[in-house]
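*Asks:* Next up is a structure, given as structure tokens.
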């Protein structure tokens, strides 16, 4: 009989997905970047461009006092996995030690969803990460960006929508979601992914 404590998944590398450049900075597709930027501000971490990783990398200490890495791939969304693979190889990390944060068109705005594993759900950046890491057992936080009007099936072939900017009316909810995703990330570092799922997966954010 095994009386050992259950394994708790604690991330060591936080990855935000998005596209580099000022033209994409405020787009729906760059929510992942914005959450990681918020974490960097909260934790006092600065980013440095690392050409060998094709990414911006930040190193510092998280609220749980463990060493943490923040990553923003500069490969453009659909090739994000190249950067994540390079960082994992360099620091000798496993896919389960990664937490990927990205936008999800199938989640309504105001919702975040945390999962330990699963498919990409059609999100091409996450698909690239899964392909390059050779595993679907990658923790992730999906940040809802809603579904385009008239697109009730959630068809993701809508670049004009995901590459468009949030409306003025949406901004307060977006900022609240970014804050919620950052808080959930901090929770995952102190309590593990599983408890964080139970705490945040059924909540809806409201603007402050």
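The values are calculated or read from the model by the stated rules, or taken from the named source; none is laboratory data. Just so it is clear, the structure is predicted and the values come from calculations on it, not from any experiment. Cβ sites come from the backbone with ideal geometry, for glycine too, and all protein chains shown count toward neighbours.
*Asks:* With respect to residue 100, determine if the residue is touching a residue at least 24 places away in the same chain (Cβ under 8 Å) and either surrounded by 19 or more Cβ atoms within 10 Å (Cβ to Cβ) or more than 22 Å from residue 198 (Cβ to Cβ) (or both). Write out each step before concluding.
*Replies:* On the way: touching a residue at least 24 places away in the same chain (Cβ under 8 Å): yes; either surrounded by 19 or more Cβ atoms within 10 Å (Cβ to Cβ) or more than 22 Å from residue 198 (Cβ to Cβ) (or both): yes.
Yes; evaluated as a whole, the condition is true for this residue.
*Asks:* How many residues does the range 2-17 contain that are at pLDDT 95 or above and over 21 Å from residue 93 (Cβ atoms)?
*Replies:* 0
*Asks:* Right, another one. Has the range 43-61 got at least one residue that is touching a residue at least 60 places away in the same chain (Cβ under 8 Å), under 30 Å from residue 160 (Cα atoms) and surrounded by 13 or more Cβ atoms within 10 Å (Cβ to Cβ)? Even if it seems obvious, please write down each step before you answer.
*Replies:* Narrowing the range 43-61 to residues touching a residue at least 60 places away in the same chain (Cβ under 8 Å): none.
No - not one qualifying residue is present in the range 43-61.
*Asks:* I'd like to know if the range 159-170 contains one or more residues that are under 16 Å from the mean Cα position of the chain (by Cα), modelled with pLDDT of 95 or more and under 17 Å from residue 18 (Cβ atoms). Spell out the reasoning first.
*Replies:* Going through the range 159-170, the residues under 16 Å from the mean Cα position of the chain (by Cα) turn out to be 162.
Still in the running and modelled with pLDDT of 95 or more: none.
No: zero hits.
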